[in-house]
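Single-structure report; data block below.
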Amino acid sequence: MTISDWIMIAAVLAGPIIAVQLTRYLDEGHEIRERKLSIFKTLMATRAYNVSWSHVEALNRIDLEFDKNKPKERAVLDSWKEYLDLLGNTQLSSDQWGMKRVELLVELLHKMALVLDYDFDKTHIKNSSYAPKIHGDIDSQQEALRKMTIEVLEGKRPLPVSAHPSTQQI
């Protein structure tokens with residue numbers, strides 16, 4: 001057997017192994033990107049509903065999916081830390097807190113967009129979401145109902161009862 005025969009045998013044996021390993025590597029990279037995209041898409045879709053369960057869950061997944069060893073992704077993590085710090089801040093007035101929250105969320109989403117190769121500027125991220133007023137009204141009403149129900153159950157609020165006479169007697 002010549003050297004070329006040995007090379008041919010090695011190529012025949014190693015080829016499928018190398019192909020499988022390469023496929024696994026590419027699939028893993030695709031899966032990592034998809035997880036980051038999922039977070040970004042969820043946050044973009046819910047940016048007007050920042051207390052929704054899916055929004056909060058996506059925020060909490062940032063630390064899991066973005067890599068501090070990659071400079072662009074490190075910027076995302078730094079931005080998330082700053083945003084998280086604000087979310088727990090009770091020192092600011094409600095108006096100041098709300099304005100700062102929007103500013104920091106927009107910054108976070110913009111840095112994610114850069115990592116994921118989306119061409120969104122900050123103005124687009126801030127101003128291009130749709131949130132019908134009725135959704136806010138429903139949320140406020142549900143919150144009021146929950147509070148009042150809890151107050152009734154805790155004995156802090158009476159349950160109003162009124163007797164209505166029959167409309168017709170037989």
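The values are calculated or read from the model by the stated rules, or taken from the named source; none is laboratory data. Treat the numbers as computed from the prediction; the structure is a model and nothing was measured. As a convention, Cβ positions derive from the backbone with ideal geometry for all residues, glycine included, and neighbour counts pool all protein chains shown.
Just a few scattered comments:
- Looking across the range 111-169, the residues that are of a type in the set (D, E, K, R) and touching a helix residue (DSSP H, G or I) at 6+ places or on another chain (Cβ under 6 Å) come down to Lys111, Lys122, Lys126, Arg157.
- Residues that are of a type outside the set (Ser, Thr, Tyr) and farther than 18 Å from Asp121 by Cα within the range 29-38 comprise Gly29, His30, Glu31, Ile32, Arg33, Glu34, Arg35, Lys36, listed in sequence order.
- Unique match (being within 20 Å of Val51 (Cβ to Cβ), of a type in the set (Val, Ile, Thr) and at pLDDT 90 or above) among Val106, Val115: Val106
- Here is the figure for the range 53-74: residues that are out of contact with any helix residue (DSSP H, G or I) (no Cβ under 9 Å at 6 or more places or on another chain) and either more than 12 Å from Val115 (Cβ to Cβ) or in contact (Cβ under 8 Å) with a residue 40 or more places away in the chain (or both) total 4.
- Condition met for Arg47 (surrounded by 13 or more Cβ atoms within 10 Å (Cβ to Cβ), without any contact (Cβ under 8 Å) to a residue 40 or more places away in the chain and either closer than 28 Å to Pro132 by Cβ or over 17 Å from the mean Cα position of the chain (by Cα) (or both)): no
- For the range 87-103, a tally of residues being farther than 24 Å from His124 by Cα and of a type outside the set (Gly, Ala, Ser) returns 4.
- Which listed residue is of a type outside the set (A, V, I, L, M), within 20 Å of the chain's Cα centre (by Cα) and over 19 Å from Met44 (Cα atoms), from Asp119, Asp95, Asp85: Asp85
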